[in-house]
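Enquirer: Pasting a structure below so you can have a look.
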Amino acid sequence: MADPIPLPTFGGGRRDWTECKFDPIQPRDTNQMEGRRTEAQTFGTPYWVARYVAKPLLRTEYGVMDAFMMQAGDDGETFLAYDAFRPRPIAHDTGRPLSGTRATGGAFNGQANLQAIANSRTIVVSGLPAGFVLSPGDYVEVRKSALVRSLHRIMAAATSDAGGVVTLSIKYGLDTGIFHVADTVHFEKPSCTMQIDPGSYDGTKSWASRSPSFTATEVFFS
């Protein structure tokens with residue numbers, strides 16, 4: 001069995017999942033002090049959490065979902081989690097995978113190059129089509145290997161220049177101790193590795209309700 005495994009699809013495209021909650025968590029403590037003073041401290045590494053609710057499934061599709069549930073964490077495996085409501089940059093989301101031609105030549109399928117890291121929250125990406133539009137809230141994935149991925153939200157609008165190069169403001173910051181200029185950048189279903197939270201899967205089967213749901217949490221590899 002491959003690890004990580006893809007999120008299941010059921011032939012409905014962007015409507016495979018009727019609900020998707022996809023949010024980052026920054027661990028932090030906040031203490032209320034005397035005199036209206038507040039002290040806060042952030043710590044640890046930010047991570048992503050998700051909640052998925054599938055469309056009403058046919059019985060054969062339910063089998064796919066049940067199998068996925070048992071393959072996405074029970075024995076330490078992971079799956080590729082992404083925001084099902086924003087699987088690619090919104091300006092280019094036609095409901096089909098990204099395609100086109102790189103500004104420097106060659107086919108474009110959503111993969112680009114990490115050209116430079118100005119700092120942990122500012123990266124330079126090359127290998128894009130000219131005029132490739134990125135909007136606040138779009139996602140970008142930096143990938144070292146199949147299991148080592150870093151997922152970020154784009155904070156400010158940006159458009160690639162005539163050479164297919166763009167500078168992106170991202171949050172949370174890229175771990176520059178793990179990810180380097182040689183790594184690839186992805187805009188087609190940008191993902192992180194997650195495991196289904198134990199006990200969160202609700203696979204109730206009835207004629208009135210056939211929409212399984214689960215929550216999941218990012219896990220890190222390096």
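Enquirer: Going by Cα centres, the range 181-222 and the range 55-121 are how many Å apart?
Expert: Here the answer is 11 Å between Cα centres.
Enquirer: DSSP loop trypsin sites (Lys or Arg not before Pro) in the range 161-222 with at most 14 other Cβ atoms within 10 Å of their Cβ, which ones?
Expert: Values: sites: Lys171, Lys205, Arg210; in loops: Lys205, Arg210.
Filter output for the range 161-222: Lys205.
Enquirer: For the chain, set up a Gaussian network in which alpha carbons nearer than 10 Å are linked by springs, and say which option among Ile117, Ile90, Ile178 fluctuates the most.
Expert: Ile178
Enquirer: Under 10 Å, Cα contacts only: if you run a Gaussian network model on the chain, which one of Thr184, Thr78, Thr38 comes out with the highest mean-square fluctuation?
Expert: Thr38
Enquirer: From the phi angles alone, apply the Karplus equation (6.51, -1.76, 1.60; θ = phi - 60°) to the range 33-48 and give each ³J(HN,Hα) in whole Hz, x where the residue is Gly or Pro.
Expert: 9, 5, x, 6, 8, 10, 10, 10, 9, 9, 7, x, 9, x, 8, 9
Enquirer: While we're here: Most mobile of Arg96, Arg36, Arg59 per a Gaussian network model of the chain (Cα springs, under 10 Å)?
Expert: Arg36
Enquirer: Oh, and also: Pop out the ³J(HN,Hα) list for the range 66-77 in order, Karplus 6.51 cos²θ - 1.76 cosθ + 1.60 with θ = phi - 60°, rounded to Hz; leave Gly and Pro as x.
Expert: 4, 5, 4, 4, 7, 10, 10, x, 4, 10, x, 6
Enquirer: Which whole-number percent is the relative contact order of the chain (Cα, under 8 Å, 6+ apart)?
Expert: Once normalised by length, the contact order is 23 percent.
Enquirer: Please compute the Cα-Cα pair-distance distribution of the range 45-157 with 5 Å bins starting at 0, giving whole percents from short to long.
Expert: Once binned at 5 Å, the Cα pair distances of the range 45-157 give 2, 8, 15, 20, 19, 14, 10, 8, 3, 0, 0.
Enquirer: HN-Hα J couplings of the range 126-142 from phi, Karplus 6.51/-1.76/1.60, θ = phi - 60°, integer Hz, Gly and Pro as x?
Expert: 10, x, 9, x, 5, x, 6, 8, 10, 10, x, x, 5, 10, 9, 10, 9
Enquirer: Something else now. So how much slack lies between Asp93 and Phe220, counting 0.36 nm per residue of separation and subtracting their Cα-Cα distance, in nm?
Expert: On the way: separation 127, 0.36 × 127 = 45.72 nm, distance 2.83 nm.
Extending this stretch completely gives an extra 42.9 nm.
Enquirer: D for the range 102-222, whole µm²/s, Stokes-Einstein with Kirkwood Rh over alpha-carbon pairs at 37 °C and 0.692 mPa s: what number? Mind dumping the intermediate values first?
Expert: On the way: Rh = 15.8 Å.
Result for D is 208 µm²/s.
Enquirer: How large, in Å, is the range 1-83 by the Kirkwood hydrodynamic radius built from its alpha-carbon pairs?
Expert: Numbers: mean 1/r = 0.0636 Å⁻¹.
Kirkwood radius, the range 1-83: 15.7 Å.
Enquirer: Show that you can apply the helix-only estimate: for the chain, add -39,500 (n - 2.57) for every DSSP H stretch of four or more residues, divide by all residues, and state [θ] at 222 nm to the nearest 500.
Expert: Working: 1 runs with 13 residues, N = 222.
Only helices count here, giving -2000 deg cm²/dmol.
Enquirer: Counting other C-beta atoms within 10 Å, and keeping those with at most 13, which DSSP coil chymotrypsin sites (Phe, Trp or Tyr not before Pro) do you find in the range 118-222? Spell out each step's value before the answer.
Expert: On the way: sites: Phe132, Tyr139, Tyr172, Phe179, Phe187, Tyr201, Trp207, Phe214, Phe220, Phe221; in loops: Phe132, Tyr172, Phe179, Phe187, Tyr201, Trp207, Phe220, Phe221.
Passing both the DSSP loop test and the Cβ count: Trp207, Phe221.
Enquirer: Amide H to amide H under 5 Å from Lys189: which residues, 5+ apart in sequence or cross-chain, H placed 1.01 Å off N in plane?
Expert: Long-range HN contacts for Lys189: Arg88.
Enquirer: Also: Relative to the Cα centre, what is the charge dipole magnitude of the chain, using +1 at the beta carbon of each Lys and Arg, -1 at the beta carbon of each Asp and Glu, and rounding to the nearest 20 debye?
Expert: On the way: 22 positive and 23 negative charges, 125 e Å.
Taking the Cα centre of the chain as origin, the dipole is about 600 debye.
Enquirer: Specify which residue in the list Met65, Gly203, Ser99 is farthest towards the positive end of the charge dipole of the chain, using unit charges on the beta carbon of Lys, Arg (+1) and Asp, Glu (-1), about the Cα centre.
Expert: Going by the charge dipole, the pick is Ser99.
Enquirer: Seen from all sides and averaged, what is the projected area of the convex hull of the Cα atoms in the chain, in nm²? Present the calculation step by step, with values, prior to reporting the outcome.
Expert: On the way: hull surface 60.9 nm².
Seen from a random direction, the Cα hull of the chain projects 15.2 nm² on average.
Read-outs: derived from the displayed coordinates by stated rules, not from any lab. None of these values were measured; they are calculated from a predicted model. Cβ atoms come from the backbone with ideal geometry, glycine included; neighbour counts cover every protein chain shown.
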